[in-house]
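Throughout, read-outs are computed from the coordinates displayed, never taken from laboratory work. On a predicted model such as this, the values are computed, not experimentally measured, just so you know. Virtual Cβ from ideal backbone geometry, glycine too; neighbours counted across all protein chains shown.
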Amino acid sequence: MNKRKIKKAIKRIKNLPKNKHFFGYIFNKIKHFFYKFTKSTKVAYPYNIMLELTNHCNLKCSTCPRIYEYGKNMELGKIDIIIAKKIGSVK
């Protein structure tokens, strides 16, 4: 192991979820490794999600569909904050 990997591992350990969320996180990780080991097509639930509240962007990332012809026809917009809060509170 080199220094970079050790620093990354320490950073992950420091940022582990606390309290009751820790057990949900660990259970989900175990489930993920089990599915991976058994080569199952199932996936563990994502522990967290990131919502993109708007698709207005002035960057030209190579992975973004907006730089290609079909992406230029996509509508620009934003998600309503009330809808985003509802999505975030679903369990």
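Ordering Arg4, Arg66 from the fewest to the most neighbouring beta carbons within 10 Å gives Arg4, Arg66. Value of Rg to Rh for the chain, rounded to two decimals, is 1.08; Kirkwood radius and Rg both from alpha-carbon coordinates. The simple spin-label model puts a point 7 Å past each Cα toward its Cβ; for Ile10 and Leu53 those points are separated by 3.4 nm. If you take the Cα centroid of the range 45-75 and the Cα centroid of the range 4-19, the two points sit 29 Å apart.
Between Ile26 and Thr63, the FRET efficiency from the beta-carbon distance, with R0 = 25 Å, is close to 0.20.
Placing R0 at 22 angstrom, the Cβ-Cβ distance between Ile81 and Ala44 gives a FRET efficiency of 0.15 after rounding to 0.05. Please determine, in degrees from 0 to 90 and to the nearest 10, the orientation of helix 3-14 with respect to the longest principal axis defined by the Cα atoms of the chain, where the helix direction is its Cα long axis. Around 90 degrees separate the two axes.
In percent, how large is the relative contact order of the chain, given Cα pairs closer than 8 Å and 6 or more residues apart?
This gives 18 percent for the chain.
Rounded to the nearest 20, the Cβ-based charge dipole of the chain about its Cα centre (Lys and Arg +1, Asp and Glu -1) stands at 880 debye.
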